[in-house]
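The values are calculated or read from the model by the stated rules, or taken from the named source; none is laboratory data. Everything quoted here is computed from the prediction, not taken from an experiment. Neighbour counts run over all protein chains shown; Cβ positions are idealised from the backbone, glycine included.
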Amino acid sequence: MRLRHVVIAALLLSNGLAGALYAQETAKKTQDLVAALDKNKYKSKEKKGIKVEVYVDIKNEPVVKPNPSEYSGTYADDMGLNRLELHVGSDGRVEGKGSESESEQKPVQYTLQDARIEGALLTATRVFADGRTDKFEAVFVNQTRKSGTNAAKIDSEDKVFGLGYIETNSQWTSRVFMAKK
């Protein structure tokens, strides 16, 4: 009888530790992705006595909604190249379909498979219309964009909720932010 209790206690403890490690892994993935989405750029150019300065600072903060169904909606980037329609049920089930295109090419359609949301992290497999698949990890964030001539002279500051991810292929890597519409 004692051995049974010891075995049950060991199983419960190992399950608890596995859950804690998984939560830590999710938190680390979220923080790494948020950090990769941040950007700070300053350029200064002077020609014929005219000086032009450009400053851009983009910071992201993960957003965990108390009710996951609040993530439901349409997300799109500023240029209309990337779009995702996301539906999150009250039971936590996640479904999505979207499109992406590179520059002026025809958009490629995809659906999300095995999608789930943990904290602010959305993970899924994107299944494209041509049968191609890829791993998809994105994070729900409040993105703050500041721009001006330099860090001391900010002309505009905007804060927008949306979904961000890193798009990578063999030639390039790009930060993608889609605001919730």
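Okay, here's what the table says:
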read-out: Selected residue [at pLDDT 95 or above and either under 30 Å from Glu53 (Cβ atoms) or surrounded by fewer than 14 Cβ atoms within 10 Å (Cβ to Cβ) (or both)] from Gly92, Gly162; value: Gly162
read-out: The range 140-159, subset surrounded by 13 or more Cβ atoms within 10 Å (Cβ to Cβ) and farther than 14 Å from Ile58 by Cβ, residue farthest from the chain's Cα centre (by Cα); value: Thr149
read-out: Count of residues meeting criterion [of a type in the set (Phe, Trp, Tyr) and within 18 Å of Lys29 (Cβ to Cβ)] in the range 136-162; value: 2
read-out: Lone qualifier among Asp38, Asp57 - being under 30 Å from Ser156 (Cα atoms), touching a residue at least 60 places away in the same chain (Cβ under 8 Å) and surrounded by fewer than 18 Cβ atoms within 10 Å (Cβ to Cβ); value: Asp57
read-out: Residues satisfying the stated conditions in the range 100-119, i.e. modelled with pLDDT of 95 or more and among the small types (Gly, Ala, Ser); value: Ala115
read-out: Some residue of the range 63-79 being in contact with a Gly (Cβ under 6 Å, 6 or more places away or on another chain), hydrophobic (A, V, I, L, M, F, W, C), in contact (Cβ under 8 Å) with a residue 40 or more places away in the chain and closer than 20 Å to Leu163 by Cβ; value: yes
read-out: Any chance Gln171 is free of Cβ contacts under 8 Å to residues at least 24 places away in the same chain and either surrounded by 15 or more Cβ atoms within 10 Å (Cβ to Cβ) or farther than 28 Å from Glu25 by Cα (or both); value: yes
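Table: residues versus (1) part of a strand (DSSP E or B); (2) in contact with a Ser or Thr (Cβ under 9 Å, 6 or more places away or on another chain).
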position	(1), (2)
Gly92	no, yes
Glu95	yes, yes
Ser99	yes, no
Lys106	no, no
Asp114	yes, yes
Glu137	yes, yes
Val160	yes, yes
